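J.: Below are the structure tokens for one structure; questions will follow.
Read-outs: derived from the displayed coordinates by stated rules, not from any lab. Computed from a prediction, not measured in an experiment: that's the story for all the values here. Cβ atoms come from the backbone with ideal geometry, glycine included; neighbour counts cover every protein chain shown.
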Amino acid sequence: MRAFIASLLCCWSFFAWADSHDELFRSAGWTQQTQHFQGVLQQAQQSYKNTLPSAMYQALVNNSNQRFAPAAMQQRALSALRKSLPDAEPALTFYQSPLGQKIVAAEVDATSAAALKRNSQGLPAQTASATRQLQIRHLAQAIPASQAAAEVGLALTSLAADSLSQMLPGLLGGSSQELIGTQRNRMAQQMDQNIDSTLLYIYRNLSDAELEEYVSFAESPAGKQYYQAALVMLNAALNQP
């Protein structure tokens, strides 16, 4: 009986641990972001339709649909989140708070199809006090926004190369990973040039006090652990093992 009770408690602990990561994934807006990525993926696929031979275009669509299947992306993401963030409760508490949900709503809106279309020619300029600009600078240094954007951009721009590599193995040579790393760093550097103005726009509806609270969480040990894990999770979601 003792063994049974111990086993039951272990199982309960496991499911509680798993549930907290699932809840964090949903509460932090990753489910909606995955859906938004699918829309951008379809647009990226369509952009190649008239520029690639039909066989290669079909390979591109098939390969990218397999690589970015929503269920598989979520499974890889959750697995990586559990491995890289042992304790999800602090981040879950923050993201389930009214401020956390306001932040998620702003981030989800920024990647919606309507917002991407509206801002296709560039983001509207934002005016901000010196204090707010300083808070945004701290936030940009605390969260891996540029790196995350680079991961998504790299995934989308590599569609044709992935398909060509599948059709003609070895064509890109053994240094392809090095090239990808170089391109990732270059894209992140480009994102960094405008990251402050981008974050000012995304979080424009946060009050100065709310922004300060957000920065405090991002700079805290729990916040640092979450955002490091989130970048690992994003990388896993976008890349098959």
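J.: Quick query: amide H of Leu85 versus all other amide H atoms, modeled in the peptide plane; which residues come in under 5 Å with a sequence gap of 5 or more or a different chain?
T.: Answer set, sorted by chain and number: none.
J.: Starting from the Cα of Lys224, draw a straight line to each of the lysines and keep only those under 18 Å, dropping any in the same chain fewer than 8 residues away.
T.: Lys83
J.: Over what distance in Å are the Cα centres of the range 194-241 and the range 66-99 separated?
T.: 14
J.: Work through the residues other than Ala105 whose Cβ is under 15 Å from its Cβ and net out their charges, Lys, Arg +1 and Asp, Glu -1.
T.: 0
J.: Next question, about the same structure. Rounded to two decimals, what ratio of Rg to Rh does the range 187-241 give with C-alpha atoms and a Kirkwood Rh?
T.: Dividing the radius of gyration by the Kirkwood radius yields 1.05.
J.: Excluding residues fewer than 8 places away in the same chain, name every one of the lysines whose C-alpha is closer than 21 Å to that of Lys117.
T.: Within reach: Lys49.
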